[in-house]
Amino acid sequence: MTVTTNKPAQAGAVAKASKTDVKVPGEAIQVPLPNRREFLFYCWGASLALFAAASGGAIIWFMLPRFKEGEFGGIFRESSIPDRGTSPLNNATGKYWLSHAEDGLVALYKVCTHLGCLYAWVENSFRFECPCHGSKYELNGLWIEGPAPRSLDRFSMTVKLTSGAELVTNATGDPIPGIDPSQVAEVVVDTGSRIKRAGRV
Ligand code: FES
C-alpha cells in the first residue's frame, strides 16, 4: 500500500508566497509616475476645474444684491418731498439731503467734495456749509465758495407721480424740474449710483 501526502507541496507554496508578499522593512515602495501625456491631461483638467469654479463664483457674486434696501449703497424710498425753495430733507442713513430748489429736485451726497468732511445745512444762511475748510454750497448743491473743486455729488433717483409717470435723474445729475410735491407718489433714491459734477457747476 502506497501512502501519498501533499505536505511537501503545501510547504513549498507557503514558502513561495512568503517570498513575494512579505515587505522588507526599509524597502522603497515603487509608485509609477505619470507619463508626459498623463501629466498634461491632469494639468488641463485642473485648469478647467479652476476656471469653472471662478466663473461660477463670479456669476453668483454678480447676481447677489450688494446692498439691501434702506442701507447705504442701496435703494431708499421717500413718500414726500420738501416744497420748492424750503429747507432740505435730511436722510441720515442714506447719507443724502433731498433738496427741492427753484431749478428742481436733487438728492445730494452728504460728503464735501474737498476732503470728505460732512457739511451741514445752515438755516440762517440758507445754504450748506462745510466746517472743515469753509466750502459753501447752494440748496441745489452748486458750489458758492471755498476750496471744494466741484459742486456736491448727487445720487440718481426716480420720481414716481400719482399719474403713473416717472421722472429720472439725467446722466449729469441735474435737478429734476417742475415737480409738484402734491403729485408725488414716491421718490426712489439709489445711493449706489453717485454722480460727480464736472466742476463748480
Ligand atoms: S472738506 Fe469741506 S471744505 Fe475741506
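The values are calculated or read from the model by the stated rules, or taken from the named source; none is laboratory data. Only a predicted model underlies this, so the values are computations on that prediction, with no experimental measurement involved. Cβ: placed from backbone, ideal geometry, glycine included. Neighbour counts: every protein chain shown.
Data table
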{"item": "Selection from the range 145-201 of residues that are in contact with a His (Cβ under 7 Å, 6 or more places away or on another chain) and on the phi > 0 side of the Ramachandran plot", "result": "146"}
{"item": "Tally, over the range 99-130, of residues that are in contact with a Pro (Cβ under 9 Å, 6 or more places away or on another chain), within 11 Å of the ligand (Cβ to nearest atom) and of a type in the set (Val, Ile, Thr)", "result": "1"}
{"item": "Hits in the range 126-180 - residues which are of a type in the set (Phe, Trp, Tyr) and touching a strand residue (DSSP E or B) at 6+ places or on another chain (Cβ under 8 Å)", "result": "128, 137, 143, 155"}
{"item": "Odd one out for residue 139, checked against (1) of a type outside the set (Val, Ile, Thr); (2) within 19 Å of residue 198 (Cβ to Cβ); (3) part of a loop (DSSP other than H, G, I, E, B)", "result": "(2)"}
{"item": "Residue in the range 142-155 that is surrounded by the most Cβ atoms within 10 Å (Cβ to Cβ), counting only those that are free of Cβ contacts under 8 Å to residues at least 40 places away in the same chain and assigned to a strand (DSSP E or B)", "result": "144"}
{"item": "Scope the range 123-134; condition more than 12 Å from residue 145 (Cβ to Cβ) and surrounded by fewer than 13 Cβ atoms within 10 Å (Cβ to Cβ); matching residues", "result": "123, 124, 126, 131"}
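Residue-by-condition table, conditions (1) more than 25 Å from residue 71 (Cα to Cα); (2) modelled with pLDDT of 95 or more; (3) aromatic (Phe, Trp, Tyr):
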residue	(1), (2), (3)
121	no, yes, yes
125	yes, yes, no
145	yes, yes, no
154	no, yes, no
161	no, yes, no
164	yes, yes, no
168	no, yes, no
189	no, yes, no
